[in-house]
Amino acid sequence: MTAFAATPPPSHLIRVLGFGFLYWMAFLLVLEPGNILRAVSPLDPLQEALRIGGASILGALATPALVALVRRWPPVAPRGFTIAAVGALTVSILLIAASCLLAPFVLAGPFPPFWRDLWDNLAGNSLLLLFPISGMMGIAHVLMNRTRIHAVRPTDTRIAIRSRGSVAFIVPTEIDWIEAQGNYAALHVAGRAHLLRETMVALEALLDPAQFARVSRSALVPLARVRKIIPLANGDAEIELLDGTLVRLSRRYRAAVWERFAAR
């Protein structure tokens, strides 16, 4: 079986790190105006520049983990939202711990013992950090959805599946059927399964509803490739495709599938 999976290239990691650095820099300068005043004050602008720059670098290093978390568990369902919230709180704690650990080596001045400094910062800043972290995850989710829509359907007639260093193009009329496989959708074409990192809901919205029908939570079929529908005793049914493949038609989608055939 040949599988094409969307694997981010190294340039993607560089863009994510750059976005994270600029995002945290903007947060520290724009949302905390006092930082700008301290940075341009004649007292010690270098100290403030080091503090802001170091915090922005730490935020940038955490950005790939946040993006990967959003990609793996999109915060649009209760489970994904819960995992995203726990992940955001964890990153907040780790960022505070890293800043407390590195501050004595980067900045001048007396610092309290690490554990006391860590406790004070956790009590005062952990919840505050959740706002920019949640904002970053929200931006990442929007950008990824926009990218995925363009990647799935760059034109009206082809589906693009990105692999390492190449792109495979599939015409929807060539698809035998589509099934969900974990976080991927498997596009079955001439005996091969091409894996696309996309949800069934998004694919159903992108494909022509006059040509494709959702037959279960985990399957889409092109109506033109349906040979017959075989009723089952429990109210479900099986769809036999032209190549002999049997796909389960659940009771939830059975009436809608019949309406599609009637419309055709």
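What follows draws every value from the coordinates through simple rules; no lab data is involved. Nothing here was measured: the structure is a model prediction, and the numbers come from that model. Virtual Cβ from ideal backbone geometry, glycine too; neighbours counted across all protein chains shown.
Data for the structure
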| item | result |
| --- | --- |
| Net charge, Val215 excluded, C-beta distance under 9 Å - Lys, Arg +1, Asp, Glu -1 | +3 |
| Distant-in-sequence amide H partners of Val189 (H built 1.01 Å from N, under 5 Å) | Asp176, His194 |
| Spatial extent of region 161-263: Rg and Dmax, with the Cα atoms as the point set, Å | 13.7, 48 |
| R0 of 45 Å, Cβ-Cβ distance Ile14-Ser218: FRET efficiency to nearest 0.05 | 0.80 |
| Burial order of peptide ranges 18-27, 120-129 (average beta-carbon count within 10 Å, highest first) | 18-27, 120-129 |
| Cα centroid separation - region 52-106 against region 204-223, whole Å | 37 |
| Calculated FRET value between Ala97 and Gln47, using beta carbons and R₀ = 22 Å, to 0.05 | 0.55 |
| Radius 14 Å from Cβ of Ala123, net charge of other residues (Lys, Arg +1; Asp, Glu -1) | -1 |
